[in-house]
Amino acid sequence: TTFQDGGEEVEDGAVYNVTLKKVQIQQAANKGARWLGGEGDQLPPEHTVRQYETSKIRAIKAGTLEKLVENLLTAFGDADFSYISIFLATYRAFASPRAVLELLLDRFGNLETSNQGEVANLSSLESEMVLRAEIASVLRAWLDQCSEDFREPPDYMCLLKLLDYLKNNMPNSDMESRVQNLLKQFQNQEVEAVDGFCSTSSSDLVDGEDLEISNPEEFSSFQDHVVAEQLTYMDVMLFRRVVPYHCLGSIWSQRDKKENKNLAPTVRATITQFNAVTKCVISTILGTRELKIQQRAKIIEKWIHIAHECRILKNFSSLRAIISALQSNSIYRLKTTWMCVSKDILLMYEELSEIFSDHDNYLTSRELLMKEATSKFANLDSSEKENQKKSQKRLQLQKNKGVMQGTVPYLGTFLTDLIMLDTALQDYVEGGLINFEKRRREFEVIAQIKLLQSSCNSYCLIPDQKFIQWFRRQRHLTEEESYKLSREAEAAADTNILSPKSQKSMVKRISTLFLGTDVFTPPKEQPLKSSPVGGSSGESTDSASVSSCEFNHSETEDVCVTPVLSPEDPLKKVQLGPLLAAGRPKRLGCSKGSICDAGSGLDSGSMPCRDSGSVLGSAPRVLPVYNRQSEGSCIIRVSMDGLHDSIYKSILITNQDRIPDVTQRALLKHNLEPDAVEDYELVQVISEDKELVFPRDANVFYGMNSHVNFDFILRKRA
């Protein structure tokens, strides 16, 4: 099979990419070979005659909502076989379920008026039956893939409208009974809140119980593999419930608005669990003042073993949560305690940490995730012989059980890619048409999420109520508390470190989850010193060191991640020396000056995706990225001076954008009135004491300093 680019076809309200597909349909012996009695498939090419068939593939590139909905009925005829799945997975970014359903049923599915030529000439009964079958096919796919779209308590208007349509046009069909059953199911269920395994509210506890600091003896009574299995059980239950479209950048980026406090609850629940695991690690290590250094080191060793068990179970979510906790300021600074951790376990910890290395846009974790996404068991390699033996022994025990394993990913990898795609690609193209190429690119990420959700069905884990109740009872330490306890444990370890309140918080809100469009700038830090950081007084916020994170349970919306270094600044990495030189493990490399988007290194090689408009799978064009000007565009980060000045919004600019355009987009991103453009000036931060102030009508792309971070401040004019 060969493909050839057929260019574009433009219709009223739609643009299509055309590809010519040439397929060999027959190979036969030529005249001379037939005279000798030869068969076509047994002869060399020079003695055969091949017959080919060329077919045309049309894939919609951009269109109005009406055209996109109409294309649901014609996509199979155009050989665009994945269109329905792509549309259903992404349409919430530009339309509501009601708008799509009304177009599908009222405009294109009304058999009484369709003969006016909306889709095709339905003058015959045969064509009417074809349309009926096409409508049924789309509705069946919708119910199969996105039934949650119809969960609209208490009225269920879309489901009732669909049921009424089926009664009139497809009475007594399987589809009608299926919709009736779905309606009953929704009506009989209470509004379903995502199961909060990680919740620490009193409503989750048995009467008379209070939140408590972990008892080391009780924690030690749980076997390592049991803890890992229970964490995996909780993660699997939450990840399987993630609604893929909640992860779309255009939806996820709206979560900070007051009216959207309940937006994307399935993603928020996953983040809450991630934070709870991290907080649990910190509280078990620091929560008991009476612990001796050796006892505290044993708890660290236990958590490293648990992390290793999570790796065997292919649970990358809890694995990363544990690693992040061990890299937090309050734990990492315990130099004497880390010196008591055995060398073999430190090496194991180092290998687990390398999985989430930020090198080449997290290439290691991406490749590992795709490699093990549908594999039966983990593929464990260790550079240390003793660890390799232990890993293989544990893995063999898993295989002997004969139960396959799924894969629980670190969701932030996908959220980062989707946020960067949303920032880099426009929602609309020339003529106000919806850019469906963007949706095809987004679907490639969503398809990976769905694949991993499907793989999670392979897990066969049984909940251990004793552990789950213990996990829920844990009182998580705030950043101030954990730092204070850390100082009490080893007061002289880092006397030069400032107190948390003296520095800016580097934490990211859930809104910035896993390094999305909102980014916090960390304080300056000298090599070989970790700096605990804190939020403003009166508000408990999470914090992260330059290469680690701490978490706050008081806000379920907060999450922290290991900061990363921009690909363009390899010399800015903090060099922490050999692994055991200082008696502590080294943390992942990071920027001394700033935390950049995890997705800022996103380019054609960082995410396996093709040009969405091409069926040929030709080389994808390089997307705009942060900290690099490429093909006349780039992504900058803009904060508001005096208003959440540690929160950045990522904005795409081109070489045509001037100050008023960029200012207006920045105001919109920060949910401020875009009409007040003249009241603000745009400033690029060059260094701690230098700024570049742009004139009112300057071209930002050409005027900016491209040798420093692309960090800007929007400031009210004096």
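Under 5 Å between amide hydrogens, which residues at least 5 positions from ILE686 or on another chain qualify, with H placed 1.01 Å from N in the peptide plane?
So ILE686 has HN proximity to GLU691, LEU692.
Is region 628-716 best put as rounded, prolate or oblate by its Cα gyration tensor, with a ≥ b ≥ c the root eigenvalues, rounded for a/c under 1.5, and otherwise prolate when a/b is larger than b/c, oblate when not?
rounded
Given R₀ = 22 Å, FRET efficiency for GLU290-VAL226 by Cβ-Cβ distance, to 0.05? It would help to have the intermediate numbers written out before the result.
Working: r = 26 Å, r/R0 = 1.16.
So the FRET efficiency works out to roughly 0.30.
If you keep only loop residues by DSSP, which trypsin sites (Lys or Arg not before Pro) in region 679-718 have at most 14 other Cβ atoms within 10 Å of their Cβ? Display every interim value, and only then the final one.
Details: sites: LYS690, ARG696, ARG715, LYS716, ARG717; in loops: ARG696, ARG717.
Passing both the DSSP loop test and the Cβ count: ARG696, ARG717.
Work out how much length LYS371 to THR64 would gain on full extension: take 0.36 nm times their residue separation and subtract the Cα-Cα distance, in nm to one decimal.
106.7 nm
In whole percent, how big is the carbon plus sulfur part of the accessible area of region 222-486, probe 1.4 Å, protein atoms only?
The computed percentage sits at 51.
If DNA, RNA and ligands are ignored and the probe is 1.4 Å, what is the ranking of HIS707, HIS225, HIS308 by accessible area, most exposed first?
Per-residue accessible area, sorted high to low, gives HIS707, HIS225, HIS308.
Assuming 0.36 nm per residue, please report the length gained on full extension of the stretch LEU125 to SER96 beyond their Cα-Cα distance.
Computed gain between LEU125 and SER96 is 7.2 nm.
Rounded, prolate or oblate: which one fits region 257-319, using the alpha carbon gyration tensor with axes a ≥ b ≥ c (rounded when a/c is under 1.5, else prolate when a/b beats b/c, else oblate)?
Oblate, since a/c reaches 1.5 and b/c is not below a/b.
Provide LEU103, LEU668, LEU286 ordered by accessible surface of protein heavy atoms (probe 1.4 Å), highest first.
LEU668, LEU103, LEU286
Past 23 Å, Cα to Cα, is the threshold; run LYS669/LYS716; LYS61/LYS649; LYS371/LYS450; LYS67/LYS261; LYS314/LYS450 against it and keep the listed order.
Violating the 23 Å limit, Cα to Cα: LYS61/LYS649; LYS67/LYS261.
For region 628-716, which whole-number percentage of the solvent-accessible area (1.4 Å probe, protein heavy atoms only) is attributable to carbon and sulfur atoms?
Working: 2040 of 4390 Å².
Reported share for carbon and sulfur atoms: 47 percent.
Any idea how far apart VAL243 and ALA718 come out in nm if each label point goes 7 Å out from Cα toward Cβ?
5.0 nm
Under 15 Å from a label point 7 Å along Cα→Cβ of PHE3: give me every residue in region 415-448 with its amide N that close.
In region 415-448, the label zone of PHE3 (backbone N under 15 Å from the point 7 Å along Cα→Cβ) covers 437, 440-441, 444.
Just by accessible area at a 1.4 angstrom probe, what is the order of ASP256, ASP675, ASP711 from largest to smallest?
From most accessible down to least: ASP675, ASP256, ASP711.
Quick check: residue separation of GLN656 and TYR428 times 0.36 nm, minus the Cα distance between them. What number comes out in nm?
Taking 0.36 nm per residue and subtracting the Cα distance, the gain is 80.3 nm.
Pop out the ³J(HN,Hα) list for region 80-93 in order, Karplus 6.51 cos²θ - 1.76 cosθ + 1.60 with θ = phi - 60°, rounded to Hz; leave Gly and Pro as x.
With the stated coefficients, region 80-93 comes to 9, 6, 9, 4, 4, 5, 5, 4, 5, 7, 10, 5, 5, 6 Hz.
Mind giving me the nanometre distance, one decimal, between the label points for GLU11 and ARG107, set 7 Å out from Cα along Cα→Cβ?
The modelled label-to-label distance comes out at 1.3 nm.
Suppose R0 equals 41 Å. What FRET efficiency, 1/(1 + (r/R0)^6) with r the Cβ-Cβ distance, do SER82 and SER342 give to the nearest 0.05?
So, using R0 = 41 Å, E works out to roughly 0.20.
When ranked by the protection proxy of mean other Cβ atoms within 10 Å per residue, highest first, what sequence do the peptides 421-429, 83-91 form?
Sorting 421-429, 83-91 by mean packing, highest first, produces 83-91, 421-429.
Got a sec to turn the phi values of region 254-260 into Karplus ³J(HN,Hα) couplings, 6.51 cos²θ - 1.76 cosθ + 1.60 with θ = phi - 60°, whole Hz, x for Gly and Pro?
Along region 254-260, the couplings run 9, 6, 7, 5, 4, 6, 10 Hz.
If you take the beta carbon distance between ARG140 and SER630 as r and set R0 to 41 Å, what does 1/(1 + (r/R0)^6) give as a FRET efficiency, to the nearest 0.05?
0.45
From a point 7 Å beyond the Cα of GLU678 in the direction of its Cβ, which residues of region 624-641 have a backbone N at a distance under 17 Å?
Under 17 Å, as judged by backbone N against the label point of GLU678, lies no residue of region 624-641.
The values are calculated or read from the model by the stated rules, or taken from the named source; none is laboratory data. In this text, all values refer to a predicted model and were calculated from it rather than measured experimentally. Cβ sites come from the backbone with ideal geometry, for glycine too, and all protein chains shown count toward neighbours. Only protein heavy atoms, including side chains, enter the accessible area calculation; ligands, DNA and RNA are left aside. Shrake-Rupley method; radii C 1.70, N 1.55, O 1.52, S 1.80 Å.
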